[in-house]
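Heads up: the structure comes next, in structure tokens.
The values are calculated or read from the model by the stated rules, or taken from the named source; none is laboratory data. Small disclaimer: the values here were computed from a predicted structure and weren't measured. Note: ideal-geometry Cβ built from the backbone for every residue, glycine included; neighbour counts use all protein chains shown.
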Amino acid sequence: MKNRKNRRKGFIEISLRSCATFFAFVILAQGAAVSAQQIPSAVVVDPARDAAHPARMEAPDIYSHGKKLYAIFYLASGEGPHPTVLLMHGFPGNEQNLDLAQAIRRAGWNVLFPHYRGSWGSEGAFSFTNSIEDTQSAIQFLRDPANAKKFGIDTKRIVLIGHSMGGFMVAYAAAHDSGIAGVVMISPWNIGATFSKPLDKSEIGGFREDASRLAGTTADELMAEAEQNASKWNFSDYAPAMKDRPVLILDSDDGLAPVDQAMAAALRKAGDAQVTEIHMTTDHGYADHRITLEAAVVSWLQNLPGESHP
């Protein structure tokens, strides 16, 4: 009976590996943006369960300037400490990239996902300035010794990942914090570049619709704030302060690619030899490239200095 169970277990493990190989082949055959890479198994296969230290989810409260930010903390299996990603969503945060968070956790990383003040139930009022502060507060949460011990965080290996407005937030945070190990910007929205010129009617309409989902502010207030700070919120200006870190920039066919590519060029010009730039033929939310997105990000994380190459 024991031999039969072992054979069955071995068959299941071989089948899972075969599935991973099959999915990798399919993705590669489609000519995806990560076609030169091996698709990490974490994208399509669950890791072996660690009974002593299983993967789990927590919902810690993060305080930013006296206001409670609601958050999800995906904790990787294994004793740890684990490298940890801070994942920041966009404006207003309809696409939250939690499938990406799960893939990153399967690869052995913790992933903290907070909501800015005034968004998705977090206390306080939303503003771009508050969002900058909230990102910094989340980093402080990860570095707190008590939290690092409780959640198994390797505070020397914290990577920031941001989508859309979150891409701006992580660039700003990294430029002002030399302890960040790396940055991933997914179709980042350059707030300063956008508001350094007048918006057209379609941009204003879309902005008003998105702003209506946020608490404690109005679209007019947010536009005025962005216009007032446009000269200091152009993330290409942060390149010199980020040039010593690995940076992954992903862009798509959403109209932001030229500005995002300018950021990659600014980093290289500043002397950053660790810039990776990938274009995907998809929309702003990567709706039909989710697995490709996960593969690109997980592969990049696994190839950071000091990381393993499964």
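Of the helices (runs of 4 or more DSSP H) lying entirely inside segment 66-153, those carrying at least 1 residues that are touching a Gly at 6+ places or on another chain (Cβ under 7 Å) are 128-143. The set of residues in segment 30-65 that are assigned to a loop (DSSP other than H, G, I, E, B), within 19 Å of residue 106 (Cβ to Cβ), touching a strand residue (DSSP E or B) at 6+ places or on another chain (Cβ under 8 Å) and at pLDDT 95 or above contains only 55. Among the candidates 287, 241, 295, 273, the residue that is over 20 Å from the mean Cα position of the chain (by Cα) and either at pLDDT 95 or above or farther than 26 Å from residue 126 by Cα (or both) is uniquely 273.
Taking first residues from segment 117-140 that are basic (Lys, Arg) and partners that are part of a loop (DSSP other than H, G, I, E, B) and surrounded by fewer than 23 Cβ atoms within 10 Å (Cβ to Cβ), the Cβ contacts under 9 Å between residues at least 6 apart in sequence or on separate chains come to 117/65; 117/123; 117/124; 117/125; 117/127; 117/215; 117/216. Just to check your reading of the model, which residue among 134, 200 is of a type in the set (Asp, Glu) and under 20 Å from the mean Cα position of the chain (by Cα)? The conditions single out 134.
Results for (1) of a type in the set (Gly, Ala, Ser); (2) in contact (Cβ under 8 Å) with a residue 40 or more places away in the chain; (3) surrounded by fewer than 23 Cβ atoms within 10 Å (Cβ to Cβ), shown as yes or no for each residue.
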| site | (1), (2), (3) |
| --- | --- |
| 74 | no, no, yes |
| 80 | yes, yes, yes |
| 87 | no, yes, no |
| 90 | yes, yes, no |
| 95 | no, yes, yes |
| 108 | yes, yes, yes |
| 112 | no, yes, no |
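Would you mention how many residues in segment 114-136 are within 22 Å of residue 172 (Cα to Cα), surrounded by fewer than 21 Cβ atoms within 10 Å (Cβ to Cβ) and in contact with a His (Cβ under 7 Å, 6 or more places away or on another chain)? Total satisfying the criteria: 1. Screening 214, 199 for residues that are at pLDDT 95 or above and either buried (at least 17 other Cβ atoms within 10 Å of the Cβ) or not in a helix (DSSP H, G or I) (or both) leaves exactly one candidate, 214. All conditions in (1) surrounded by 14 or more Cβ atoms within 10 Å (Cβ to Cβ); (2) aliphatic (A, V, I, L, M); (3) without any contact (Cβ under 8 Å) to a residue 60 or more places away in the chain hold for residue 183, with the sole exception of (3). For residue 225, the criteria (1) of a type outside the set (Val, Ile, Thr); (2) more than 27 Å from residue 109 (Cα to Cα); (3) outside any helix (DSSP H, G or I) hold in every case but one, which is (3).
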